[in-house]
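The values are calculated or read from the model by the stated rules, or taken from the named source; none is laboratory data. Not measured: the values here are computed from a predicted model. When we count neighbours, we look across all protein chains shown, and the Cβ atoms used for this are built from the backbone with ideal geometry, even at glycine. Please note that ligands, DNA and RNA were not included when accessible areas were found on the heavy atoms of the full protein model with its side chains. Shrake-Rupley method; radii C 1.70, N 1.55, O 1.52, S 1.80 Å.
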Amino acid sequence: MGQYEKAVEYFQKCEKIQREILGENHPSFATSLNNLGLSFKNLGQYEKAVDYFQRCEKIQREILGENHPDYAKTVNNGGRPINNIRKYEK
């Protein structure tokens with residue numbers, strides 16, 4: 001198992017724990033989604049990465065607002081796999 005696969009495994013465990021304890025509308029839960037998005041991007045699973053970034057973005061927009069640095073970081077991260085998807089579609 002490579003390092004990114006191992007990272008996904010840990011982030012998924014964290015996501016499950018945070019969902020159960022904090023709920024899905026908590027900034028820490030959103031961070032777990034962002035981390036999973038980054039890991040899937042690094043694995044080349046761009047569609048899956050975009051899904052996690054979009055879920056994170058929605059939570060952060062509602063809780064933190066669009067002027068928060070964490071929200072901006074997620075929006076930036078979400079654009080990267082979209083660029084890669086478009087690159088490989090051509």
Legend entry - the chain shape via C-alpha gyration tensor axes, a/c threshold 1.5: oblate
Inset, instruction - With a length cut of 15 Å (Cα positions projected on each helix's long axis) and a Kyte-Doolittle mean of at least -0.5, go through the chain and give me the DSSP H helices that pass. - result: 27-42
Legend entry - Length gained when the stretch Q12-N25 is fully extended (0.36 nm per residue, less Cα-Cα span): 3.0 nm
Legend entry - Longest DSSP-loop-exposure-free segment, GluC sites (Glu not before Pro), the chain, at most 15 other Cβ within 10 Å: 25-65
Inset, instruction - Report the accessible area of K16, computed with a 1.4 Å probe over the heavy atoms of all protein chains in place, in Å² rounded to the nearest 10. - result: 120 Å²
Legend entry - In the chain, lysine pairs with alpha-carbon atoms under 19 angstrom apart (chain gap of 8 or more, or interchain): 15
Legend entry - Summed side-chain charge close to S28 - residues other than S28 whose Cβ falls under 12 Å, Lys, Arg +1, Asp, Glu -1: -2
Legend entry - the chain - mean residue ellipticity at 222 nm from DSSP helices (-39,500 (n - 2.57) per run, n ≥ 4, rounded to 500): -28500 deg cm²/dmol
Inset, instruction - May I ask you to give the percent of accessible area on the chain that is carbon plus sulfur, with a probe radius of 1.4 Å? - result: 47 percent
Legend entry - Within a Gaussian network of the chain (alpha carbon springs, distance under 10 Å), most fluctuating of N67, N76, N34: N67
